[in-house]
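The values are calculated or read from the model by the stated rules, or taken from the named source; none is laboratory data. It should be emphasised that the depicted structure is a prediction, and the values quoted were computed from it without experimental measurement. A quick note on method: Cβ atoms are made from the backbone with ideal geometry, for glycine too, and the neighbour counts reach across all protein chains shown.
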Amino acid sequence: MTEQDTQANGKVLELDQVTKRYGKDAIAVDRFSQKFDTGTYVCLLGPSGCGKSSTLRMIAGHEDVTSGDIKLGDTSLINKSPAQRGTAMMFQNYALFPHLTVLDNVAFSLRMAGVGKPERHTKANELLELVHMQEFAARLPDQLSGGQQQRVALARALITKPSVLLLDEPLSALDPFLRIAMRSELSRLQRELGITFIHVTHSQDEALALADHIVLMNNAVIEQAGSPSDIFNRPQTDFVARFMGGHNVVTIDGQLSALRSDKTDLIAETADARAIPTTVEHVEYLGRTVNITVSSPQQGQLVVSVSDDQYQQRRWRPGESAGVCWNPENLHPVRLSSTH
Ligand code: ADP
Ligand code: MG
């Protein structure tokens, strides 16, 4: 999308130095600045308590900003009510009205806006079709599975035609199988609608799988933002490397670096004098890959990820001595995070 396109429809969401304090001392979000291009799938990622939900609630208007500005296009949102913002929020617990049918749940905000019954039911049916729930229109929420309730909650949020859909941990209540299925469903919806989704999650896998753009937070600030492959392959700090997983953080000649664990090799200790001497601590069989945790006096714990085939050829056992080595080209320099 070009600068001109995004300006033309005026729907770039911009957070400028947004800060949230609860009470005097607690700072939940500290000068969060970020632009979200139209039609982007954004994941707001980070450990529990880092300020993701507070950020989302400030965008939605369910929480005041302490300072800073939030703009959609040229318009500041901070003095607008949630309904006036052009954003819609899907809550973690779906919050469907138990006494209303699926159709009336979806049509609810149109009823509030004074739209007549035939028109709001037509629109609600269109949205139910979009989320593949049209045949459940007459049911009550407690006659639906968790995954179906979630589709209804999505339809209900989308009926206001938001420019930005906000989703707080939308998949966390689902079982792992359904979670993966709903992941592709969310991705399809976002592509079909062409609007911006901002999806809060603490799951690295979920963010990598879904996002065009990841904003990784820690302790109230943005630690790093970028594409999934940027964040995974070019972590800027040791925190990012450790949080995303799949990396070893090593110190070589005083330089802190990250090294992908699938690019770290385990060899017989005597095979190469340059290898770091280690002891195998434990072996985790994951199916396609096997993670072998080793420890060394200089580098502490390191994880070496090998393929199942490699592991079948050389089955490392706890207590064995092993050498760890890598191609220096795969070392990626990082700085020490200031948010620890
Ligand atoms: P996340 O969604 O990343 O887990 P939150 O935005 O919910 O993080 O919380 C960030 C910080 O703000 C936490 O320390 C949390 O305890 C605090 N916090 C969140 N909501 C409130 C509130 N309503 N009152 C006081 N503190 C809050
Ligand atoms: Mg949260």
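A few points about this structure:
- Residues (more than 14 Å from Thr19 (Cβ to Cβ), more than 15 Å from ligand 1 (Cβ to nearest atom) and in contact with a Leu (Cβ under 7 Å, 6 or more places away or on another chain)) located in segment 62-89: Lys71, Leu72, Arg85, Gly86, Thr87, Ala88
- Condition check for Asp64: modelled with pLDDT of 95 or more and either under 22 Å from Met244 (Cβ atoms) or more than 13 Å from ligand 2 (Cβ to nearest atom) (or both): yes
- Contacts under 9 angstrom Cβ, first residue in segment 319-340 being under 19 Å from Ala241 (Cα atoms) and at pLDDT 95 or above, partner in a loop (DSSP other than H, G, I, E, B) and among the aromatic types (Phe, Trp, Tyr), 6 or more apart: none
- The residues listed here are Pro98, Pro82; of these, the one that is in contact (Cβ under 8 Å) with a residue 12 or more places away in the chain, exposed (fewer than 13 other Cβ atoms within 10 Å of the Cβ) and closer than 23 Å to His62 by Cβ is Pro98.
- Verdict on Ala322 being assigned to a strand (DSSP E or B), under 26 Å from Glu206 (Cβ atoms) and either touching a Cys at 6+ places or on another chain (Cβ under 8 Å) or not assigned by TED's automatic domain parsing to the domain that holds Met217 (or both): no
- Pairs with Cβ under 6 Å, 6+ apart, first in segment 166-192 and part of a helix (DSSP H, G or I), second within 16 Å of ligand 1 (Cβ to nearest atom): Arg179/Leu171; Met182/Leu171
- Of the residues making up segment 34-53, those that are of a type outside the set (A, V, I, L, M, F, W, C), within 15 Å of ligand 2 (Cβ to nearest atom) and crowded, with 19+ Cβ neighbours inside 10 Å number 4.
- Yes/no for Asp142 being in the same structural domain as His199 (by TED's automatic domain parsing), more than 16 Å from ligand 2 (Cβ to nearest atom) and not aromatic (Phe, Trp, Tyr): yes
- Hey, Gly39 on the phi > 0 side of the Ramachandran plot, within 21 Å of the chain's Cα centre (by Cα), within 11 Å of ligand 1 (Cβ to nearest atom) and not in a strand (DSSP E or B) or not: no
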